[in-house]
Amino acid sequence: MNFLEILRFAVRGLTANKLRSALTTLGITIGVAAVILLVAVGNGASAAIAASIQGLGTNVVNVSPARGGGQGASARPLTVQDAHALVDPVGAPDVKAASPVVNTTATATYGQTSYDISSVAGTEPAYFTTTNRELAQGQLFTAEDVTAARKVVVLGPTTAESIFGTVDPVGKNVLLNSIQFTVIGVLQAKGSTGLQNADDVAIAPISAVQNSLAGYGSLSQIAVQATSADSVSLAQSEITAILNARHGIRLGGTADYQIQNSEQLLATRTSATETFTVLLAAVAAISLLVGGIGVTNIMLVTVTERIREIGIRKAIGAPRAAILGQFLAEATMLSLFGGLLGVAIGLIGSRFTISGIKPVVVPSSILLAFAVSALIGLFFGSFPANRAAKLRPIDALRHE
C-alpha cells in the first residue's frame, strides 16, 4: 500500500464521522489561535510601551522618591527647590531644564457631567517641552501663572472629550474636586500604551495644584531634560552630586531618591512585558496540550469502533505499517486542519484592538504554533495508531 492509498483511507475514516472530527480539531484550533493571539498582544504591549517612552525623548531623566524611604528617618522629600537647584550652568552644565511634578487624581465636573481624571499633574511650563507635549488648541500656562498660583489647566484630548463632549473646552470653567479651574488649552494626542492613557491627563501650575488638590508633600518626580541624548549620563552624574549635597547623602550612603532615564525605563518595561508575554504563551501552550489529549481520546474511540475493519484489512494482507500509517495520518490531518484554522483565527483576531493594545503578530509564533500542532498529531496519535497496528486479525474479527 503506497502513501496515497494510506491518505485516501485516512480521509475516508475522518469523513465517516464529520462531527467527531470537527470537535476533535476544536481543541487544537483554540490552542494555536491562543498562542498566536496572546503572543501578539504581549508584543503589541511591548511596542506600545516602547513608543510611549521614546515619545518622551531620549534626553529625559526622571528623578523620583526612593522606594522604602532611602535613609529612613533622615530621608528628605523631593522639593521644588531641589528641581530649581538642578538648573545650574556651573554645577550642572548638561542639564537644560528641570520641572517639579506633583501627581494626583481628581473628579472633574462640568454641568451635569462628572469624570474621574486618572492623572492631574502640577508642574511648570518647561515640563511640556521636556516631555514633548504639544498643543492642539488654546495655550499653555506661563511662569507668571505658576507664580500667581492661577487656577488654569491644560487638558489631554481624552479628558477634554470625556468632560466637554463636542463643546470647545478652551475658556470654559471646570470643577476639579469642587475647585474651579479655567481650561486654557488642549494637548495633541499621544495615544495609550494599554497600561496608561497618556491622553487622560490634566496639567496645571504646580502652585495651584499644591494649594487646592495635592498639598505640600514630596514631589512625585522631577522631569529633567539633558542638553542632548549624548549627555544623559553626564546629566545623571551632575543630578546625583547636587541632590546628594542637598539631602546630606554621605559617600556610600543610600540615596532617598532614584534616577531613571528613558533607556533604563524602556529596558525595565520591556523586561516586564517579555515576562508577561512568556506567561501568556505558557497559558496558550496548555490549550494545545489539552487539544492533544483530546486527539488521543478520539483516536482511541475510533480504533475501538473500527476493530473489525482493521481485522478484515489485516486478514486480506494489509501490513502493520499500513494500519499504523493510516491512523497516524488521521491524527496528523486532524491536528494540521485545526492548526490551519487556528492560524486563520489568530490572524483575524490580531486585527482588533484588545484592551487598548494593538496586537503585533510575531511570524515565528505562527510557524511554531503550526509546527507544534503537527507534532501533537504525530505524538498523541502514535499510541492509538500503534494499538491498532498490533491487533491480531483473529482477535479483531471476533470483536463485537
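Derivation of every value follows stated rules applied to the coordinates shown; laboratory data play no part. Just so you know, these numbers come straight off a predicted model, no measurement behind them. So basically every Cβ, Gly included, is an ideal-geometry build from the backbone, and we count neighbours across all protein chains shown.
Quote to one decimal, in nm, the extra length available between residue 168 and residue 321 on full extension: 0.36 nm per residue of separation minus the C-alpha distance between them.
Result for the pair: 47.3 nm of gain on full extension.
At a Förster radius of 30 Å, what calculated FRET efficiency corresponds to the Cβ-Cβ distance of residue 293 and residue 347, to the nearest 0.05?
Efficiency for this residue pair is about 0.70.
To the nearest 0.05, what FRET efficiency results for residue 139 and residue 246 with a Förster distance of 45 Å applied to their C-beta separation?
Step by step, r from the Cβ atoms, then E = 0.85.
So how do 220-229, 110-119, 288-297, 152-161 stack up, highest first, on mean other-Cβ count within 10 Å?
Ranking the peptides 220-229, 110-119, 288-297, 152-161 by packing returns 152-161, 220-229, 288-297, 110-119.
If you bin every alpha carbon distance in region 119-260 into 10 Å steps from zero, what whole percent lands in each bin?
Final binned percentages: 11, 35, 32, 17, 5, 0.
If I take every Cα pair under 8 Å that is 6 or more residues apart in region 79-165, average their sequence separation and divide by the length, what percent do I get for the relative contact order?
23
Using only the Cα atoms, work out Rg/Rh for region 166-242, with Rh taken as the Kirkwood radius, to two decimals.
1.07
Among bridges DSSP assigns within region 72-231, what percent are antiparallel (round to 5)?
75
Peptides 122-134, 316-328: what's the order by average Cβ count within 10 Å, highest mean first?
Packing proxy ranking, top to bottom: 122-134, 316-328.
What full-extension length gain, to one decimal in nm, is calculated for residue 379 and residue 109 as 0.36 nm per residue of separation minus the Cα-Cα distance?
The residue 379-residue 109 span can extend by a further 91.0 nm.
Once the other residues with Cβ under 14 Å from the Cβ of residue 201 are scored (Lys, Arg +1; Asp, Glu -1), what is the net sum?
My count for the surroundings of residue 201 gives -3.
Residue 81 to residue 258: extension gain in nm, 0.36 nm per residue of separation minus the Cα-Cα distance?
Stretched out fully, the residue 81 to residue 258 stretch lengthens by 62.0 nm.
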